[in-house]
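Heads up, the thing below is written out as structure tokens.
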Amino acid sequence: MAEGERQPPPDSSEEAPPATQNFIIPKKEIHTVPDMGKWKRSQAIEKLVALLNTLDRWIDETPPVDQPSRFGNKAYRTWYAKLDEEAENLVATVVPTHLAAAVPEVAVYLKESVGNSTRIDYGTGHEAAFAAFLCCLCKIGVLRVDDQIAIVFKVFNRYLEVMRKLQKTYRMEPAGSQGVWGLDDFQFLPFIWGSSQLIDHPYLEPRHFVDEKAVNENHKDYMFLECILFITEMKTGPFAEHSNQLWNISAVPSWSKVNQGLIRMYKAECLEKFPVIQHFKFGSLLPIHPVTSG
């Protein structure tokens, strides 16, 4: 999450990020699943999970409506209107009172992360907004860099569960999907983090993720396999036909090569694609200033 990047000098019109921000040299450690007790001690992460649990509960309280069109159930707009109204209050439960001024800015990313209420669609741009939401919480000091494993495998994982429920319940359209040529209709980041979690795994290799038995037995422990399970639940027909890109990736010999390839693909397919980034919002915490050299 942009650790180690040089920050441009802030404009006088903007608040500088906290001077106490700690940067570390990124290193491979995400594949070690830490003991759950350590996660439980992070209060901010517990509050974020509670926030996501609220969004989940609202889905239960907003059932789909009868309509002629099979996709894009209009009840999603009712659900989204509730979030739109409550977003700042929800974010305020995570942010300490002395940082209350940051709440309106951070809340924008939360609202952007759940899909588009006009088109009733969801895609990698919305997923990127949730990553930005978490990044903002790191920048203002609510989350710490040493929380990174729990941020991914506890908070982001809960976010994925809620998004999958949204997609299923309201039959949301994929935003900017490349169809059979895309990696996945809705997500990308969990494939990157999920593949890094599997690096040096004693027996699970990339070829195993197209093996139904291996997926069914291991999906609860591995983010990548959970993504594969969801695809197979949502799509019919041979895996090689509905998810050709992933089928090809399953032939890559090692998880580290899969991971490197997915990072390159994410930069090309998401971060450098205008249809995705045109919707991204920039503020004082995530400015669009050019990075200064030197």
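Which of the residues spanning the stretch 191-216 are within 19 Å of residue 232 (Cβ to Cβ) and buried (at least 22 other Cβ atoms within 10 Å of the Cβ)? 191, 194, 195, 198, 209, listed by residue number.
For (1) in contact with a Ser or Thr (Cβ under 6 Å, 6 or more places away or on another chain); (2) open to solvent by less than 10 Å² (accessible area, probe 1.4 Å); (3) not assigned by the TED database to the domain that holds residue 170, each residue gets a yes or a no:
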site: 73; (1), (2), (3): no, no, no
site: 85; (1), (2), (3): no, no, no
site: 99; (1), (2), (3): no, no, no
site: 104; (1), (2), (3): no, no, no
site: 122; (1), (2), (3): no, yes, no
site: 126; (1), (2), (3): yes, no, no
site: 129; (1), (2), (3): yes, yes, no
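The rows are residues; the columns are (1) over 18 Å from residue 48 (Cα atoms); (2) among the hydrophobic types (A, V, I, L, M, F, W, C); (3) assigned to a loop (DSSP other than H, G, I, E, B).
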residue	(1), (2), (3)
72	yes, no, yes
77	yes, no, no
104	no, no, no
118	yes, no, yes
137	no, yes, no
148	no, no, no
153	no, yes, no
156	no, yes, no
163	no, yes, no
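So which residues in the stretch 48-71 are under 19 Å from the mean Cα position of the chain (by Cα) and open to solvent by 80 Å² or more (accessible area, probe 1.4 Å), if there are any at all? If you could, list the steps in order and put the result at the bottom.
Pass one, the stretch 48-71, residues under 19 Å from the mean Cα position of the chain (by Cα): 48-56, 59.
Within the stretch 48-71, no residue meets the criteria.
Of note, residue 19 satisfies the criterion of being modelled with pLDDT under 95 and farther than 30 Å from residue 224 by Cβ. Only one of the numbered conditions (1) surrounded by fewer than 18 Cβ atoms within 10 Å (Cβ to Cβ); (2) closer than 21 Å to residue 167 by Cα; (3) hydrophobic (A, V, I, L, M, F, W, C); (4) at pLDDT 95 or above is not met by residue 234, and that is (4).
Pairs linking a residue in the stretch 228-255 that is closer than 19 Å to residue 203 by Cβ and free of Cβ contacts under 8 Å to residues at least 40 places away in the same chain to a residue that is of a type in the set (A, V, I, L, M) and part of a helix (DSSP H, G or I), with Cβ atoms under 8 Å and 6 or more positions apart or on different chains, are 228/210; 228/215; 228/246; 229/215. For the stretch 185-240, the set of residues classified as in contact with a Cys (Cβ under 7 Å, 6 or more places away or on another chain) and either outside the structural domain of residue 256 (by the TED database) or not in a helix (DSSP H, G or I) (or both) consists of 187, 188, listed by residue number. From the list 140, 149, the lone residue that is in contact with a Leu (Cβ under 6 Å, 6 or more places away or on another chain) and surrounded by fewer than 22 Cβ atoms within 10 Å (Cβ to Cβ) is 140.
Considering only the stretch 104-124, state which residues are within 21 Å of residue 141 (Cα to Cα) and under 20 Å from the mean Cα position of the chain (by Cα). Explain how you work it out, then say what you get.
Step one: filter the stretch 104-124 for residues within 21 Å of residue 141 (Cα to Cα), giving 104-111, 113.
Residues satisfying the conditions are 105, 106, 107, 108, 109, 110, 111, 113.
The values are calculated or read from the model by the stated rules, or taken from the named source; none is laboratory data. Note that the coordinates shown come from a computational prediction; the quantities given were computed from them, not determined experimentally. Here the Cβ is made from the backbone with ideal geometry for all residues, glycine too, and neighbour counts use every protein chain on show. Accessible surface is based on the protein model in full, side chains and every heavy atom, while ligands, DNA and RNA are left aside. Shrake-Rupley method; radii C 1.70, N 1.55, O 1.52, S 1.80 Å.
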